[in-house]
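Pasting a structure here, questions to come.
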Amino acid sequence: MKPGANLKLPDKMIDVTEGCLVPVRMKFTNEWHMGEVISIKNSENGDNLYYVHFIDFNKRLDEWVTKDRMNLEKIHLPTREEAALKLQEMPISPDDRITTTEVEEVQRNNNSLNNTLNNTLNNNLNNNLNNNLNITISNNLSNNLNNNLNNNLNNSINNSINNSINNSINCPPISPVNKFVLGPKKGRGRKRKLPSFTSQSENPDHSPNLWAGGSGAVVAPRTNGSLSSHNPDDILTRIRNIDLIEIGQHRIKPWYFSPYPQRLTSLPCIYLCEYCLKYVKSRTCLIRHFTKCKLRHPPGNEIYRKGTISFFEIDGRSNRIYAQNLCLLAKCFLDHKTLYYDTDPFLFYIMTETDDRGCHIVGYFSKEKVSSEDYNVACILTLPPYQRKGYGKIMIEFSYELSKFEGKTGSPEKPLSDLGLLSYRSYWAETILELIINLKTPEGSIRPQISINEISEMTSIKKEDVISTLQFLNMINYYKGEYIITLSKEVIASFERISKKRRLRIDPGCLHWTPRDWTKRGKW
């Protein structure tokens, strides 16, 4: 063998660790794409399974793979710096945190130590002064002068020495900011992230971790009503924890992590009642539940019905259990939003398809009762068995129909998922084009006229969304010192082709709903 030739190691000798980048063959396309190894577990036959996230692909394509689907010749192992940084950023378990009681005990010990040191040094100083400072003066001076001299010497020396003692020996007291910081304890053989010396009030984005660290225990998800994006680097939420969900006549493979109870996530399938969304561990338990569950439609008020399509309005406070179960189901298919238990500030609109057995859930969208930014949708989801049938666009149209009843313009809460962005962009384009194409030319004018604000008012689509849609369609052009909206033949042909396929529409005459002013209600 020539010097410097590369040695090809057997696959069994290559140790695949978490954080590795390696080409992986995808399941359906059989194409090779770079993937990141997120987690490793043992299979039933003793082989390792690797949870891989494909770079530049959505997380719903992540999967457990075996080593034979990896090209180990092109593996990139994580560097030592990355491994050390990952170790330092490991979450701290509750057992490793210092409690407030321990902090107060340390402060009391510091204070008692300071008092003991000061008393001891002062006593020694006075004894030395009395024993060693023998000042000889003449006999004719009075005893009062002698006493005054000794007192002055004692006071001046005591003050100077006490100041130096306090500056060099005293332990600094714990400041009010540091008093409530729960930092890590020392040692225990693991590297830890340095404790932060800022209070929680200075860090508004602080939220409890979902992972408890080395103990392996799962901490309950946060219970606030925030819909902001979660941390993409969270180890727990990056791994899909449920294999299958059975609801009604459908078995669905979830796309993302959902915080169902851990006793259920270890099972091969979770069974849901399609009417109340209660989750159980087996089909036997589900059959037993059906004998007790009297619901055949979602709880709440039916505010729309046309044909087999119905919409039910659910108050997150009045029907809290149903709303929480709905959020757990939705989290299996929504990655960007986090809403688990605090459902009181939200309204939920459930879309159902009706047959002789009852009303079966197709999808839903939620909205805040009071939105400072005029959001008319917080989360929106069409269940996978009903996707690509036009139901998503129906729910979007229904949300804007509610905004028209309220006399407002609305917009979905950002960020939108990839599928959500496609659905909204398609709805905005069709609605705006339908309005512009059907405009009538006023008398004495060559072409019809309309402004951005008028489009927004007539469709209830927010002005920013109207502008972004027109720019996406290349319909805004600068002509003779002003901006004009232009329609090309390709855009018109595309609109006519899509309009023929769209069969389901919302009929405003079938909507029986009165808007409520939630700002006048104290606690909704």
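Would it be correct to say that Thr519 is surrounded by fewer than 14 Cβ atoms within 10 Å (Cβ to Cβ), assigned to a loop (DSSP other than H, G, I, E, B) and within 39 Å of the chain's Cα centre (by Cα)?
Working: surrounded by fewer than 14 Cβ atoms within 10 Å (Cβ to Cβ): yes; assigned to a loop (DSSP other than H, G, I, E, B): no; within 39 Å of the chain's Cα centre (by Cα): yes.
Criteria not met by Thr519.
Sticking with this structure for a sec: If you go through segment 370-396, how many residues are closer than 17 Å to Glu430 by Cα and without any contact (Cβ under 8 Å) to a residue 60 or more places away in the chain?
Result for segment 370-396: 5.
Taking the criterion of being over 34 Å from the mean Cα position of the chain (by Cα), more than 28 Å from Phe405 (Cβ to Cβ) and not β-branched (Val, Ile, Thr), would at least one residue in segment 450-473 satisfy it?
Scanning segment 450-473 turns up no residue that is over 34 Å from the mean Cα position of the chain (by Cα), more than 28 Å from Phe405 (Cβ to Cβ) and not β-branched (Val, Ile, Thr).
Turning to a different aspect of this structure: Say we look at segment 55-75 and pick out the residues that are of a type outside the set (Asp, Glu) and under 21 Å from the mean Cα position of the chain (by Cα); which of these is farthest from Met34 (Cα to Cα)?
In this case the residue turns out to be Arg60.
May I ask you to verify whether Ile461 is free of Cβ contacts under 8 Å to residues at least 40 places away in the same chain and surrounded by 13 or more Cβ atoms within 10 Å (Cβ to Cβ)?
So Ile461 fails the test.
Here is a yes/no grid of residues against (1) out of contact with any helix residue (DSSP H, G or I) (no Cβ under 8 Å at 6 or more places or on another chain); (2) acidic (Asp, Glu); (3) not in a strand (DSSP E or B):
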position: Asp15; (1), (2), (3): yes, yes, yes
position: Gly19; (1), (2), (3): no, no, yes
position: Val22; (1), (2), (3): no, no, no
position: Thr29; (1), (2), (3): yes, no, yes
position: Glu36; (1), (2), (3): yes, yes, no
position: Ile40; (1), (2), (3): yes, no, no
position: Asn45; (1), (2), (3): yes, no, yes
position: Tyr51; (1), (2), (3): yes, no, no
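Moving on. Please work out which residue is surrounded by the fewest Cβ atoms within 10 Å (Cβ to Cβ), limiting yourself to segment 490-514 and to residues that are modelled with pLDDT of 90 or more, among the β-branched types (Val, Ile, Thr) and under 24 Å from Ser399 (Cβ atoms).
Taking the candidates together, the pick is Thr514.
While we're on this one: Within the set of pairs 6 or more residues apart or between chains, which connect a residue that is assigned by TED's automatic domain parsing to the domain that holds Asp68 inside segment 17-45 to a residue that is of a type in the set (Asp, Glu) and not in a loop (DSSP other than H, G, I, E, B) with Cβ atoms less than 6 Å apart?
Listed pairs, sorted by first residue: Leu21/Glu36.
Now, a different point. Hand me the list of strands (runs of 3 or more DSSP E) wholly inside segment 317-431 holding 1 or more residues that are surrounded by fewer than 21 Cβ atoms within 10 Å (Cβ to Cβ). Explain how you work it out, then say what you get.
Values: elements: 346-355, 358-368, 375-377, 379-382.
Qualifying strands (runs of 3 or more DSSP E): 346-355, 358-368, 375-377.
When the residues of segment 432-449 are narrowed to those that are β-branched (Val, Ile, Thr) and without any contact (Cβ under 8 Å) to a residue 12 or more places away in the chain, which ends up surrounded by the fewest Cβ atoms within 10 Å (Cβ to Cβ)?
If we filter segment 432-449 for residues that are β-branched (Val, Ile, Thr), which is where we start, we get 432, 436-437, 441, 446.
Subset that is without any contact (Cβ under 8 Å) to a residue 12 or more places away in the chain: 441, 446.
Values: Thr441: 10, Ile446: 7.
By that ranking, first place goes to Ile446.
Anything in segment 244-259 that is in contact with a Phe, Trp or Tyr (Cβ under 6 Å, 6 or more places away or on another chain) and closer than 20 Å to Val52 by Cβ? List them, or say none.
Hit for segment 244-259 is Trp255, nothing else.
Right, next: Out of Val37, Val16, I need the residue that is touching an Asp or Glu at 6+ places or on another chain (Cβ under 6 Å), closer than 23 Å to Leu236 by Cβ and modelled with pLDDT of 85 or more. Which one?
Going through Val37, Val16 in turn, the sole match is Val37.
For segment 438-493, which positions are part of a loop (DSSP other than H, G, I, E, B), on the phi < 0 side of the Ramachandran plot and touching a strand residue (DSSP E or B) at 6+ places or on another chain (Cβ under 8 Å)?
Ile450, Lys462, Met475, Thr486
The values are calculated or read from the model by the stated rules, or taken from the named source; none is laboratory data. Just so it is clear, the model here is predicted, and its values are computed rather than measured. Cβ coordinates were reconstructed from backbone atoms using ideal geometry, including for glycine residues, and neighbour counts include every protein chain displayed.
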